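The values are calculated or read from the model by the stated rules, or taken from the named source; none is laboratory data. This one's a predicted model, so the numbers in the text were calculated from it and none came from an experiment. When we count neighbours, we look across all protein chains shown, and the Cβ atoms used for this are built from the backbone with ideal geometry, even at glycine.
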Amino acid sequence: MILQIIRNMLPAGIEGVAIMARRLAVIALLFLYASVASARAQEPANFNIAIKEHHFEPAELDVPAGIKFTVTVKNLNDTAAEFESTVLNREKVVVGGASITVYLGPLTPGSYEFFNDFDPDARGHIVVK
Amino acid sequence: MRVGAGIAFCLVSLLLSYAPARADFEMHYPVIDYREAEIEHNGSTSFDNRSSMNNNQSYTIELGYGVTPWWEPELEFDLAAAPGQNWNYNATTFENTFQLTEQGEYWADLGFFAEYQHAASRLDADAINFGPLVQKEWNNALGSGLNTLHTLNLLVSKEVGRNRNDATPLAVSWQSRLELDPLFQPGVEYYGNFNNIAGPTTMSDPTHRIGPVIVGAYNMYQYGKLKYEAGYLVGLNNATERGTIRWRLEYEKSF
């Protein structure tokens, strides 16, 4: 009924957009459903990092090659930090006292640098073996 | 994040029931830079031996800010000069990018884009452009050891208000690039504009452009980040200019 009221309020020429928006919404929901279903089937391994004063703890994470994994970054400072890795194409702000989850992989063996973009002296590496 | 983004997505889908095709060449990415302010310039100019399609220029300046981890609004100022005509202030546009999934969590990253374009001239109609943004990171593509990034935009348009027409154009943008180095990422991109997807019988003169692009970013850490994109697009049919150069320059800084 609410949808009918909204539809009646809209000029006739706009009907097409409403239909298109609904179709796009359905496609997006189907995509999300399929993605969530496949993600639940394989829960990724998790690794933890803390940002403490001007450094990461640990500064080096060992991760197996070829798997999807998450890194939980906990910011123990009062001020915001930004977990960033140009080589891994990730950039995510973590406010003071909070934590974030970064989804990564699968990666090939190598050393991948990350840093705090707000305090670039704080650096670390994900070492994929 | 997903709940908030989902609510915003639904609200925008309803509001979208209020949008023209803009033939600009700009790739929208579904990942939000939370708490980052940005100033961005996009430009394009066409080349063709037909005077009616030569030197078609478009320039924009955009100001944006990542208000939440899932929403970035931007204000865009559009300038254009049609072939053989003077510069005009074309439109003021309110853009919104919504990040719907965490980057890397699912098979692909999903976002939603919606903008309201207010025409500067009373003779032109306002417009809404909206649609999904999909990005797929494919690491070690085909066992080559190369990481690749693929982005797809599917934006539907609708004119609203005075002097509108009832066509429903669709703009398709595709970009695939090699993540060789943050400063230099070569790739290929495609831009297609279909004039009316709501009425296939009136679907005429779609335009298709494809060509190489380079994308890069230079991190100055606490002083911000500079990003660029530069591409050359070749027209694939008679309705499209022979060539178009497009570029993008962006400066962003976290606050």
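Is it the case, given these coordinates, that residue A:98 is in contact with a helix residue (DSSP H, G or I) (Cβ under 8 Å, 6 or more places away or on another chain), of a type outside the set (D, E, K, R) and either within 28 Å of residue B:111 (Cβ to Cβ) or at pLDDT below 95 (or both)?
Numbers: in contact with a helix residue (DSSP H, G or I) (Cβ under 8 Å, 6 or more places away or on another chain): no; of a type outside the set (D, E, K, R): yes; either within 28 Å of residue B:111 (Cβ to Cβ) or at pLDDT below 95 (or both): yes.
Criteria not met by residue A:98.
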Any residue that is aromatic (Phe, Trp, Tyr) and closer than 21 Å to residue B:255 by Cβ - is there at least one of those in the range A:95-112? no
Would you point out the residue of the range B:103-140, among those that are touching a strand residue (DSSP E or B) at 6+ places or on another chain (Cβ under 6 Å) and outside any strand (DSSP E or B), that is farthest from the other protein chains (Cβ to nearest Cβ)? B:120
Single match in B:83, B:73, B:30 (criterion: surrounded by fewer than 19 Cβ atoms within 10 Å (Cβ to Cβ), modelled with pLDDT of 95 or more and either within 19 Å of the chain's Cα centre (by Cα) or not in a strand (DSSP E or B) (or both)): B:73
Are any residues in the range B:226-255 at pLDDT 95 or above and farther than 30 Å from residue B:48 by Cα, and if so, which ones? B:226, B:251, B:252
Just need a number here: residues in the range A:82-129 that are facing another protein chain (nearest Cβ under 10 Å), of a type in the set (Phe, Trp, Tyr) and either part of a strand (DSSP E or B) or farther than 19 Å from residue B:32 by Cα (or both). 2
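Of the residues B:213, B:156, only one is assigned to a strand (DSSP E or B), under 16 Å from the mean Cα position of the chain (by Cα) and within 20 Å of residue B:116 (Cα to Cα); which?
Working: B:213 fails: within 20 Å of residue B:116 (Cα to Cα).
Matching residue, one of B:213, B:156: B:156.
Only one residue in B:152, B:178, B:170, B:183 is within 10 Å of chain A (Cβ to nearest Cβ) and either surrounded by fewer than 17 Cβ atoms within 10 Å (Cβ to Cβ) or within 24 Å of residue A:90 (Cα to Cα) (or both). Which one?
So the residue among B:152, B:178, B:170, B:183 that is within 10 Å of chain A (Cβ to nearest Cβ) and either surrounded by fewer than 17 Cβ atoms within 10 Å (Cβ to Cβ) or within 24 Å of residue A:90 (Cα to Cα) (or both) is B:183.
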Of the conditions (1) modelled with pLDDT of 90 or more; (2) within 13 Å of another protein chain (Cβ to nearest Cβ), residue B:9 clears all except one; give me its number. (1)
Taking the range B:106-122 and keeping only residues that are among the hydrophobic types (A, V, I, L, M, F, W, C) and over 14 Å from the mean Cα position of the chain (by Cα), one is left with B:107, B:108, B:110, B:119, B:120
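Before we move on, is residue A:76 more than 7 Å from chain B (Cβ to nearest Cβ), within 30 Å of residue B:36 (Cα to Cα) and at pLDDT 95 or above? Let's see the steps before the verdict.
Values: more than 7 Å from chain B (Cβ to nearest Cβ): yes; within 30 Å of residue B:36 (Cα to Cα): yes; at pLDDT 95 or above: yes.
For residue A:76, the condition - more than 7 Å from chain B (Cβ to nearest Cβ), within 30 Å of residue B:36 (Cα to Cα) and at pLDDT 95 or above - is met.
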Residue in the range B:173-180 that is under 23 Å from residue A:113 (Cα atoms), acidic (Asp, Glu) and assigned to a loop (DSSP other than H, G, I, E, B) present: yes
